[in-house]
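Written below as C-alpha cells is the structure these notes are about.
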Amino acid sequence: MPEIRLINVTKHICRGLDLTIEDREVFVIVGTTGAGKTTVLNVIAGVTDYKGSVLIEGRSVDRVPPRKRGVGYLFQGLALFPHLTVASNIAFGLQAGGVEKSAVKKRVSSLMEMMRIQHLAARYPHMLSGGEKKRVALARSLAQSPQILLLDEPTSSLDHQTAKYLRNELIDVLKRLGITTVYVTHDLREAEEIADRIAFMSSGRVEQVSTPHDFFFRPQNDCVSEFVG
C-alpha cells in the first residue's frame, strides 16, 4: 500500500501544507471544527481543486481523476442510496466500473461477512440503525479494493457503546487489510486507540505529528497542550 505526500498544498484554510502519511499506517488527524481536517481528505481524494501537489507512491496524482486514484472515501454524511438495498449499495461502484456480475456478487458477499452485515443484505437504508449504516458505508468504500482509505468521523453520531464496538471492528479490518488509512476525528480517546501516528491541525496548519504517546505526554507547543488538556 502506498505512501501519501502533500507538498505545499493550499485550499480554503490550508496554506502551504506539507504532510507525509506512511505506507500501511493508520494516520489520525485531530483538531477543532474548521481546522482543515476534511479539506485534507478531499485533496487526497481529488474531489476538490487545490494548489500544490499530492504524491501517491511517489507519483503525482494532481491530474488524476478521483475514480482512478485508488482511494476509498467514507464521507461523514455517508451518502447511501436510499432506493438501493444494502447489497446494491455496496455493489454500486463495482457495477458502474463494469465488473463481471459473479465477481461483484462474490466481493459483496465477502465484504458483508467482514463487516458482519450479511443479515441486512435485502434491507434499505431507512431500515438501518446508525451503526449499521456506518458498516454498510464502510463496506462500500472498500468494495473496489482501494490502496488508500479515507475516513471522516466514522463513529460520529453514534452512542458511546456502538461507537466503541464499531471502532474495535475498524481496527481489526484495517490491520487485516493493511490499507494506508487517513482517519479524521475530534475524539481524542478514539485517536489514541486507533492511531499509529496522530496529527493535530489548527487553523489549516499541522502543529504536531507524533505517536499517540508523544502526542499526549510531549505536546510540542501551547496550542497542542491546550487541545489535549
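At a glance:
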item: Cα pair count fraction exceeding 15 Å, expressed as % - segment 135-229; result: 63
item: Sulfur and carbon atoms: percent of accessible area, segment 132-173 [1.4 Å]; result: 44
item: Highest-fluctuation residue, Asn42, Asn168, Asn89 considered, GNM on the chain with Cα pairs under 10 Å; result: Asn168
item: Sum of -39500 (n - 2.57) over DSSP H runs of 4+, divided by residues of the chain (222 nm, nearest 500); result: -11000 deg cm²/dmol
item: C-alpha center-to-center spacing [segment 63-96, segment 167-188] in angstrom; result: 18
item: Förster-model FRET efficiency, 22 Å R0, Ser88 and Leu55, C-beta, rounded to 0.05; result: 0.05
item: Cα-centre dipole for the chain with unit charges at Cβ (Lys and Arg positive, Asp and Glu negative), debye to 20; result: 1000
item: Isotropically averaged projected area of segment 11-136, using the convex hull of Cα atoms (one quarter of hull area), nm²; result: 9.5
item: Contact order relative to length of the chain, as percent, for alpha carbon pairs under 8 angstrom and 6 or more apart; result: 29
item: Column: log10 I(q)/I(0), Debye, Cα scatterers of the chain, q = 0.16 Å⁻¹; result: -1.14
item: Where the Cα pairs of segment 104-170 fall when distances are cut into 5 Å bins, in %; result: 3, 16, 29, 25, 19, 7, 1
item: Per residue solvent-accessible surface (Å²) - the chain, probe of 1.4 Å; result: 49
item: Value of Rg/Rh across segment 77-133 [Cα atoms, Kirkwood radius]; result: 0.95
item: Extreme residue, positive dipole direction of segment 44-179, given options His160, Ile171, Gly98 (C-beta unit charges); result: Gly98
item: Gaussian network model of the chain, springs between alpha carbon atoms under 10 Å - residue of Ser210, Ser157, Ser53 with greatest fluctuation; result: Ser157
item: Long-range HN-HN contacts of Thr10 with modeled amide H, under 5 Å; result: Gly16, Leu17, Lys51, Gly52
item: Of all accessible heavy-atom area on segment 18-60, the percent that carbon and sulfur account for (1.4 Å); result: 43
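The values are calculated or read from the model by the stated rules, or taken from the named source; none is laboratory data. Predicted model, so just to flag it, every value in this text is computed and none were measured. Note that each Cβ is placed from the backbone with ideal geometry, even for glycine, and that neighbours are counted across all protein chains shown. Keep in mind that these areas ignore ligands, DNA and RNA; they rest on the heavy atoms of the full protein, side chains included. Shrake-Rupley method; radii C 1.70, N 1.55, O 1.52, S 1.80 Å.
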